[in-house]
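Trainee: First, the structure itself, so that you have it in front of you.
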Amino acid sequence: MSEEQILLVSTREVGEDERRAYLKEVEMRSLLETLGLKVVYHISFTIKEINKTSFFGKGQIEEITNLAKATDATEVVIDSFLSPKQEMKIEEALSLPVSDREAVILAIFLLNAHSKEAKLQIKRAEAIYQKPRLIFREANYSQQRGGVRGAKGEGEKQIELERRTIEKDIQKLEKEIEGIKKNRLTQHKKRERNKLYSFALTGYTNAGKTTILNTLAPSAPKPEDKLFATLDTTTRLVTLPSGKEITLSDTVGFIRDLPPLLIEAFSSTIEEALSADGIIIVADASHPDSIECFKSTIDTLTRLNALDRIKLVVINKIDSFYDDISLSFLRSSGYKTIETNMKDKEKAKETILNALEEIVSENYTELTLSLPYSSPLFSQLSQEKRIKSVEYKEDCILVIAEVPKNEERRYLK
């Protein structure tokens, strides 16, 4: 555990109710706990108008300063997005490191990135985030940083990201990421040749996406009960009750006010959701703010232009749903909806697979084909596992096959 002691400062809009403010505080505490940081005190301010220079008003800055001294805080975390200038002004007033919401989420992403691509994406996002801040912060002060940014294991690297080299670092990272993207595109084209219907699991972080993947495909990674445990996309083969095979991908979780920089950074990872035939939204019915979690998911998918691919909403943890109002909202989303209790994994598995079977079946059509014995199409249909029945005639092969509706013409040529 870190010895850093965090003074957490949250903000609320005029008229924002106490319950919503409390849930935002709980979420930020969870984010900081993921980094192993201890919140020693929390204060919330209602912001009527943001000060362009220092974000807070003079009286609020004084109150934060006094609280930081009284609680022996070593860092102040503000659950809002600060401009580099605002961050610098607050740090000058407090004589303490200050981190905003974006810095916290960046730190968690870096902590949980495992693949080469994920690490490159986060390093690039961090460099872009730090670039304008280096103009306002002295190098020797940056060296003293701990807490949120120290927890990233990037303390020494902060010094390397000086104004003279940071642009080169960004360009180098972008070049490496572009190479990985091209490689993925090549692999994607190969998969298209023998394409299976694909689904991607999306939803608010810690909603249970990985648990569902692990239930449907036991070889999937074991789920972890923490925020943003999944950053690297995992894809597994899943067999439906009819014997059809599909692919199912687990993608990075969403969160309230996910920084645009991170959405951009992970667009190539999240594009697994964009390229899938169907998107599955997993909603946590037990979450006290499940309505806002669902809205945040829809908002993120909207920004990714992926709303038209939503095929199913899985209301997860139905056995411990928070309240009737939230549950009613999730049930009336307008999308095909099922409810699961992952404590009864066999029943949950059956429910999900049957729903996926239904969706896939709606996108397939049955064709009767009379193929000459010399036709390569018979071998192709066999490899793609499209054939339902075969009858060998004297001069041809009579095949009944099930093919994707959008590929029907390809088989009728």
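The values are calculated or read from the model by the stated rules, or taken from the named source; none is laboratory data. On a predicted model such as this, the values are computed, not experimentally measured, just so you know. Virtual Cβ from ideal backbone geometry, glycine too; neighbours counted across all protein chains shown.
Matching residues to (1) at pLDDT 90 or above; (2) assigned to a helix (DSSP H, G or I); (3) surrounded by 12 or more Cβ atoms within 10 Å (Cβ to Cβ):
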| site | (1), (2), (3) |
| --- | --- |
| 369 | yes, no, yes |
| 375 | no, no, yes |
| 379 | no, yes, no |
| 389 | yes, no, no |
| 394 | no, no, no |
| 398 | yes, no, yes |
| 402 | no, no, yes |
| 408 | no, yes, yes |
| 411 | no, yes, yes |
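Trainee: Just give me the residues in region 62-87 being of a type in the set (S, T, N, Q) and in contact with a strand residue (DSSP E or B) (Cβ under 7 Å, 6 or more places away or on another chain), in sequence order.
Mentor: 71, 74, 80, 86 - these are the residues of region 62-87 that are of a type in the set (S, T, N, Q) and in contact with a strand residue (DSSP E or B) (Cβ under 7 Å, 6 or more places away or on another chain).
Trainee: Can you say whether residue 302 is free of Cβ contacts under 8 Å to residues at least 24 places away in the same chain, in the same structural domain as residue 247 (by TED's automatic domain parsing) and in contact with a strand residue (DSSP E or B) (Cβ under 6 Å, 6 or more places away or on another chain), as far as the supplied structure shows?
Mentor: no
Trainee: I've got another one for you. In region 14-49, how many are farther than 20 Å from residue 61 by Cβ, without any contact (Cβ under 8 Å) to a residue 24 or more places away in the chain and acidic (Asp, Glu)?
Mentor: Result for region 14-49: 3.
Trainee: Suppose the filter is in contact with a helix residue (DSSP H, G or I) (Cβ under 8 Å, 6 or more places away or on another chain), modelled with pLDDT of 75 or more and loosely packed, with under 15 Cβ neighbours inside 10 Å; does residue 167 pass it?
Mentor: Considered against the rule, which asks whether it is in contact with a helix residue (DSSP H, G or I) (Cβ under 8 Å, 6 or more places away or on another chain), modelled with pLDDT of 75 or more and loosely packed, with under 15 Cβ neighbours inside 10 Å, residue 167 comes out as yes.
Trainee: For region 46-68, which positions are more than 14 Å from residue 81 (Cβ to Cβ) and charged (D, E, K, R)?
Mentor: 48, 49, 58, 62, 63
Trainee: In this structure, is residue 59 in a helix (DSSP H, G or I) and out of contact with any strand residue (DSSP E or B) (no Cβ under 9 Å at 6 or more places or on another chain)?
Mentor: Yes.
Trainee: Counting only residues that are without any contact (Cβ under 8 Å) to a residue 40 or more places away in the chain and in contact with a Ser or Thr (Cβ under 6 Å, 6 or more places away or on another chain), how many does region 64-85 have?
Mentor: Total meeting the criteria: 0.
Trainee: Can you tell me which of (1) in contact with a strand residue (DSSP E or B) (Cβ under 9 Å, 6 or more places away or on another chain); (2) not in a strand (DSSP E or B) is the one residue 315 doesn't meet?
Mentor: In the conditions (1) in contact with a strand residue (DSSP E or B) (Cβ under 9 Å, 6 or more places away or on another chain); (2) not in a strand (DSSP E or B), residue 315 misses (2) alone.
Trainee: Can you tell me which of (1) over 30 Å from residue 205 (Cα atoms); (2) in a helix (DSSP H, G or I) is the one residue 25 doesn't meet?
Mentor: Going through (1) over 30 Å from residue 205 (Cα atoms); (2) in a helix (DSSP H, G or I) one by one, residue 25 breaks only (1).
Trainee: Select from region 288-308 the residues that are of a type outside the set (A, V, I, L, M), surrounded by 19 or more Cβ atoms within 10 Å (Cβ to Cβ) and either under 17 Å from the mean Cα position of the chain (by Cα) or farther than 19 Å from residue 258 by Cα (or both) and list them in ascending order.
Mentor: Within region 288-308, 290, 293, 294, 296, 297, 300 qualify.
Trainee: Mind checking whether some residue in region 70-85 is assigned to a helix (DSSP H, G or I) and more than 20 Å from residue 264 (Cβ to Cβ)?
Mentor: yes
Trainee: Here is a follow-up. For residue 274, which of the numbered conditions (1) at pLDDT 80 or above; (2) in a helix (DSSP H, G or I); (3) more than 12 Å from the chain's Cα centre (by Cα) fails to hold?
Mentor: Failing condition for residue 274: (1).
Trainee: For region 110-131, which residues satisfy the criterion of being in contact (Cβ under 8 Å) with a residue 60 or more places away in the chain, crowded, with 23+ Cβ neighbours inside 10 Å and more than 14 Å from residue 180 (Cα to Cα)?
Mentor: Of everything in region 110-131, those that are in contact (Cβ under 8 Å) with a residue 60 or more places away in the chain, crowded, with 23+ Cβ neighbours inside 10 Å and more than 14 Å from residue 180 (Cα to Cα) turn out to be 122, 125.
Trainee: Select from region 329-350 the residues that are of a type outside the set (Ser, Thr, Tyr), part of a loop (DSSP other than H, G, I, E, B) and either exposed (fewer than 15 other Cβ atoms within 10 Å of the Cβ) or at pLDDT 95 or above (or both) and list them in ascending order.
Mentor: 334, 336, 343, 344
Trainee: Answer with yes or no whether residue 21 is surrounded by fewer than 19 Cβ atoms within 10 Å (Cβ to Cβ) and either in contact with a Pro (Cβ under 8 Å, 6 or more places away or on another chain) or outside the structural domain of residue 289 (by TED's automatic domain parsing) (or both).
Mentor: Here the answer is yes, as residue 21 does meet what is asked.
Trainee: Do the conditions hold for residue 44, that is, is it assigned to a loop (DSSP other than H, G, I, E, B), crowded, with 16+ Cβ neighbours inside 10 Å and among the polar types (S, T, N, Q)?
Mentor: No, not satisfied.
Trainee: If you don't mind, there's one more thing I want to ask. Is it true that residue 49 is modelled with pLDDT of 90 or more and part of a loop (DSSP other than H, G, I, E, B)?
Mentor: Here the answer is yes, as residue 49 does meet what is asked.
Trainee: Determine which member of the set 63, 4, 27 is modelled with pLDDT of 95 or more and surrounded by 12 or more Cβ atoms within 10 Å (Cβ to Cβ).
Mentor: When all the criteria are applied, what remains is 63.
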